[in-house]
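What follows is a single structure, written as structure tokens, with notes after it.
The values are calculated or read from the model by the stated rules, or taken from the named source; none is laboratory data. Note that this is a predicted model, so its numbers are computed, not measured. SASA here: full protein model, heavy atoms, side chains in, ligands and nucleic acids out. Shrake-Rupley method; radii C 1.70, N 1.55, O 1.52, S 1.80 Å.
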Amino acid sequence: MHFDAGTWRRVLGAALLGAALAAAGLAPVVAAGDTTVKIDNFAFAPEQLTVKVGTTVTWINEDDIPHTVVASGRGFKSKALDTDDKFSFTFTAPGSYEYFCSLHPHMKAMVTVEGNQTGE
């Protein structure tokens, strides 16, 4: 397969842009298997997460003040999480799940759930 110089520049540019977005925490994270979201410095990290149906996501409060994890659509809700407290939820249906901290509503994030457990 042969690509001209312009094609190679576009491919390299797209790869570098993707790497820069990922490094800045702006690109969605695609998780394989159960995964963790950190709560620190008044933010959820990663802010955008993509998982498969059946995945359990665990949020860990690494901040020194309490936070909550509350789905905008009332799908899940944690108690107030003190430092090092954890909250887990298993996503059983595909969809987009926006969530926020009810104590600090500017803290927002999203989990996107794709497909089913068999990868179909």
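Among the strands (runs of 3 or more DSSP E) contained in region 48-120, which hold 2 or more residues that are closer than 18 Å to ASP34 by Cα and open to solvent by 70 Å² or more (accessible area, probe 1.4 Å)? Break it down stepwise before answering.
On the way: elements: 48-52, 56-61, 86-90, 95-101, 104-114.
Because the criterion is at least 2 residues that are closer than 18 Å to ASP34 by Cα and open to solvent by 70 Å² or more (accessible area, probe 1.4 Å), the strands (runs of 3 or more DSSP E) in region 48-120 that meet it are 48-52.
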Qualifying residue in region 27-46 (condition: among the hydroxyl-bearing types (Ser, Thr, Tyr), open to solvent by 40 Å² or more (accessible area, probe 1.4 Å) and on the phi < 0 side of the Ramachandran plot)
yes
